[in-house]
Amino acid sequence: MCGIIGYAGHRPAVPLIVEGLRRLEYRGYDSAGVATIQNKEVELVRAEGKLAALDEKLAQVNVTNSTFGVGHTRWATHGIPVERNAHPHLDFKKNIAMIHNGIIENYQEIKTELIAKGYEFRSDTDSEVLVNLIAEGRKHSETMLDAISWALKQVDGAYAIALVSVDEPGTVYAARVASPMVMGVGVGENFVASDIPAFLPYTREVVFIEDGELVKITSSSWEVFRRDTLEPVEKEVRTINWDVQAAQKGGHKHFMIKEIFEQPKVISDCLAGRIDLEKGEVVLSEIADLEPPERLHIIACGTSYHAGLWGKYLIEKWAEIPVEVEIASEFRYRDPLLSKGGVALAISQSGETADTLAGIKLVKQKGLPIIGLCNVVGSSVARESSHVVYTQAGPEISVASTKAMCSQLTALLLLALYWGKKKGVIDVATYSRAVMDLRNIPSILEAELPAMRDKAQELSREFSEAYSFFFLGRGMYFPLALEGALKLKEISYIHAEGYASGEMKHGPIALIDPKFPTFAMALNDELFSKVKSNLVEVQARGGEIIALTNPGVDLEVEHRWNLPEVWGPLNTFIALPALQLFAYETADYLGKDVDQPRNLAKSVTVE
């Protein structure tokens with residue numbers, strides 16, 4: 001959720017930290033701040049709002065001498081988004097400055113104990129409680145490392161923290177449990193951050209920090225310890241091959257439209273190495289040693305949950321594997337009945353989704369294998385899973401997910417084909433057709449996207465004053481209806497609901513009137529006649545209809561949006577960008593902050 005960065009090196013720390021925070025803006029935030037040590041005192045600068053407000057404050061102070069410090073962009077969890085609640089937070093004596101991503105669940109009990117010992121608090125946050133607990137630990141500990149270990153053993157919840165202290169200039173400490181944390185290893189400088197882009201211009205050498213580990217960095221050294229015992233931990237330094245330019249807009253107005261137009265390449269990249277062109281077969285070496293499950297339990301949230309719902313249709317149809325799709329935030333608090341021959345599939349774009357990670361831990365306790373389907377190499381989902389299928393979508397900066405879902409659908413389709421073939425249950429003609437035609441989708445989509453955007457612009461102008469929308473679909477287009485509604489409401493703030501078309505008459509149809517439009521998935525498949533009947537019901541009540549359909553289909557609606565027809569379920573890869581483009585063009589026309597919509601964050605690392 002929040003963006004964090006800590007630096008110890010040879011460069012002026014504050015400009016570097018602010019630059020790193022700017023590369024983490026995609027995570028969503030409502031305030032920002034930096035802290036460093038100068039003249040044996042903490043220099044703290046914080047501001048409500050975007051980084052521009054922090055820049056204005058920094059211009060009024062001299063913080064150019066220090067070569068170490070910490071910085072933070074906050075997404076509010078405890079306390080309203082005002083400056084006193086912004087990070088970093090200081091302990092009562094102003095000797096320690098700490099940043100924190102996550103939630104300390106027992107902070108109120110700890111706060112009561114600290115108040116009884118004479119501590120006073122300046123904010124409403126759980127984070128300030130933790131930094132004061134560390135300060136309390138420092139009173140009876142030989143080292144800061146001991147004090148941090150002592151304090152963290154007493155807290156419940158999730159955290160990634162980084163801190164500096166007047167007692168140890170040039171040193172940054174960090175730790176994590178259930179919140180993302182990585183370390184960057186440079187020459188004469190080292191970094192800690194919530195995500196790799198924060199320090200990517202300076203080093204590609206990365207160390208992934210695991211739950212329950214403590215980090216100490218200086219300009220010339222780095223060490224990792226176990227939180228509870230302070231025993232040293234040997235860590236592997238990995239090289240990241242990301243291109244910094246991949247995080248730039250490439251001439252587009254927003255990251256979101258850039259990422260929508262990247263989807264042809266995303267499909268190609270996800271297929272790379274996974275289709276044997278000579279044999280015409282799907283190859284998934286990542287799960288080659290895993291037999292097709294007797295039952296599949298898909299665990300996901302938000303857009304990833306919609307992808308899982310879509311995958312259920314294909315996996316059950318082609319691989320004849322029963323599939324249950326679970327909302328992770330609900331799954332984690334149930335006592336689910338998981339069959340011994342089952343496998344869990346955890347889907348997460350970031351690989352750091354808190355509820356999905358909790359679901360993984362529950363599944364592990366019950367002894368089932370876990371396949372992680374995620375985009376970020378070395379992420380928590382990847383490390384917690386017994387098998388990992390990377391979607392290979394590249395960095396996705398816009399908060400509203402687009403190309404990540406496209407890559408998830410591609411991987412799920414491959415999974416259905418792979419298991420269907422391995423079990424010997426998929427029709428040979430269907431298998432061959434799917435493998436052959438899937439390779440052509442990127443070129444078809446790339447050619448069609450400009451015209452799709454033009455149509456989306458036209459429709460967005462006509463419907464920009466709508467207050468509510470229905471999105472309707474049947475079969476595998478029902479999950480797309482859910483996703484279309486989600487995209488519209490999260491970036492344009494227009495209320496929208498996705499429904500299975502046949503469910504509309506069981507209540508929601510009462511809302512239909514001339515000012516309540518319907519966006520229908522009416523593509524040419526075996527359920528089209530049913531969808532058509534549902535739309536006639538909408539028209540009979542005066543509702544306006546936008547219909548995504550195919551040329552030659554017998555459908556009379558007010559606003560027809562023809563898409564090129566491809567084979568079977570592959571139509572999904574044409575329809576999905578149309579839904580995304582409609583949401584994007586509507587939000588852009590309304591002047592919304594498309595890449596960073598209000599109240600949202602890219603990686604939801606807390607409950």
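The values are calculated or read from the model by the stated rules, or taken from the named source; none is laboratory data. Just so it is clear, the model here is predicted, and its values are computed rather than measured. Cβ sites come from the backbone with ideal geometry, for glycine too, and all protein chains shown count toward neighbours.
The set of residues in segment 415-454 being within 14 Å of residue 260 (Cα to Cα), in contact (Cβ under 8 Å) with a residue 24 or more places away in the chain and among the aliphatic types (A, V, I, L, M) consists of 445, 449, 452.
If only residues of segment 303-330 that are buried (at least 24 other Cβ atoms within 10 Å of the Cβ) and farther than 13 Å from residue 476 by Cβ are counted, the one that is nearest to the chain's Cα centre (by Cα) is 304. Figure legend. Inter-residue proximity from segment 164-188: first residues charged (D, E, K, R), second residues in a strand (DSSP E or B), beta-carbon distance below 8 Å, spacing 6+ or different chains. Indicated pairs: 176/159; 176/160; 176/161; 176/213. Right, residue 96: assigned by TED's automatic domain parsing to the domain that holds residue 186 and either more than 19 Å from residue 6 (Cα to Cα) or in contact with a Cys (Cβ under 8 Å, 6 or more places away or on another chain) (or both) or not? Criteria not met by residue 96.
Considering only segment 409-430, I want to know if a residue exists there that is assigned to a helix (DSSP H, G or I), touching a Ser or Thr at 6+ places or on another chain (Cβ under 7 Å) and surrounded by 13 or more Cβ atoms within 10 Å (Cβ to Cβ).
Narrowing segment 409-430 to residues assigned to a helix (DSSP H, G or I): 409-423, 428-430.
Then keep just the ones that are touching a Ser or Thr at 6+ places or on another chain (Cβ under 7 Å); that gives 409, 411.
Then drop every residue that is not surrounded by 13 or more Cβ atoms within 10 Å (Cβ to Cβ), which leaves 409, 411.
For segment 409-430, residues assigned to a helix (DSSP H, G or I), touching a Ser or Thr at 6+ places or on another chain (Cβ under 7 Å) and surrounded by 13 or more Cβ atoms within 10 Å (Cβ to Cβ): present.
From the set of residues in segment 483-522 that are aromatic (Phe, Trp, Tyr) and in contact with a strand residue (DSSP E or B) (Cβ under 6 Å, 6 or more places away or on another chain), which is farthest from residue 560 (Cα to Cα)? Per the stated criteria, the residue is 499.
Before we move on, is residue 175 closer than 16 Å to residue 8 by Cα, modelled with pLDDT of 95 or more and surrounded by 24 or more Cβ atoms within 10 Å (Cβ to Cβ)? Yes; evaluated as a whole, the condition is true for this residue.
Of the helices (runs of 4 or more DSSP H) that lie entirely inside segment 90-180, those containing 2 or more residues that are of a type in the set (S, T, N, Q) span 107-116, 126-139.
Within segment 291-312, the set of residues being part of a helix (DSSP H, G or I) and not aromatic (Phe, Trp, Tyr) comprises 302, 303, 304, 306, 307, 308, 309, 311, 312.
Taking the criterion of being within 23 Å of the chain's Cα centre (by Cα) and crowded, with 18+ Cβ neighbours inside 10 Å, the residues of segment 71-85 that qualify are 71, 72, 73, 74, 75, 76, 77. Within segment 257-276, the set of residues being assigned to a loop (DSSP other than H, G, I, E, B) and closer than 14 Å to residue 404 by Cα comprises just one member, 262.
Each row is one residue, and each column tells you yes or no for (1) more than 25 Å from residue 418 (Cα to Cα); (2) not in a helix (DSSP H, G or I).
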{"residue": "314", "(1), (2)": "no, no"}
{"residue": "330", "(1), (2)": "yes, no"}
{"residue": "333", "(1), (2)": "yes, yes"}
{"residue": "350", "(1), (2)": "no, yes"}
{"residue": "356", "(1), (2)": "no, no"}
{"residue": "362", "(1), (2)": "yes, no"}
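For beta carbons closer than 6 Å, sequence separation of 6+ or different chains, a first residue in segment 524-546 that is within 21 Å of residue 568 (Cβ to Cβ) and a second that is in a helix (DSSP H, G or I), the qualifying pairs are 531/501. Entry remark, segment 392-414: residues being under 13 Å from the mean Cα position of the chain (by Cα) and closer than 24 Å to residue 485 by Cβ number 12 in total.
Looking at segment 87-126, which of its residues are surrounded by fewer than 18 Cβ atoms within 10 Å (Cβ to Cβ) and either free of Cβ contacts under 8 Å to residues at least 40 places away in the same chain or β-branched (Val, Ile, Thr) (or both)? The answer is 108, 109, 112, 113, 115, 116, 117, 118, 120, 121, 122. Could you check segment 51-70 and list, in sequence order, the residues that are closer than 25 Å to residue 183 by Cα and out of contact with any Lys or Arg (no Cβ under 8 Å at 6 or more places or on another chain)? Residues satisfying the conditions are 63, 64, 65, 66, 68, 69, 70.
Residues are listed down the side, and each one gets a yes or a no for (1) surrounded by fewer than 18 Cβ atoms within 10 Å (Cβ to Cβ); (2) among the charged types (D, E, K, R); (3) touching a Gly at 6+ places or on another chain (Cβ under 9 Å):
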site	(1), (2), (3)
455	no, yes, no
459	no, no, no
462	yes, yes, no
487	no, yes, no
502	yes, no, no
507	yes, no, no
514	yes, no, yes
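When the residues of segment 365-387 are filtered to those that are at pLDDT below 95 and β-branched (Val, Ile, Thr), the one that is farthest from residue 263 (Cα to Cα) is 381.
Just checking, does segment 123-131 include any residue being out of contact with any strand residue (DSSP E or B) (no Cβ under 7 Å at 6 or more places or on another chain) and either of a type outside the set (Gly, Ala, Ser) or modelled with pLDDT of 95 or more (or both)? Yes, segment 123-131 has at least one match. Scan segment 188-202 and give yes if some residue there is part of a strand (DSSP E or B) and either charged (D, E, K, R) or modelled with pLDDT under 95 (or both), otherwise no. Checked segment 188-202: no residue is part of a strand (DSSP E or B) and either charged (D, E, K, R) or modelled with pLDDT under 95 (or both).
Among residues of segment 382-395 that are of a type in the set (Asp, Glu), those with a Cβ under 9 angstrom from a residue that is at pLDDT 95 or above, sequence gap 6+ or separate chain, pair up as 384/346; 384/370; 384/372.
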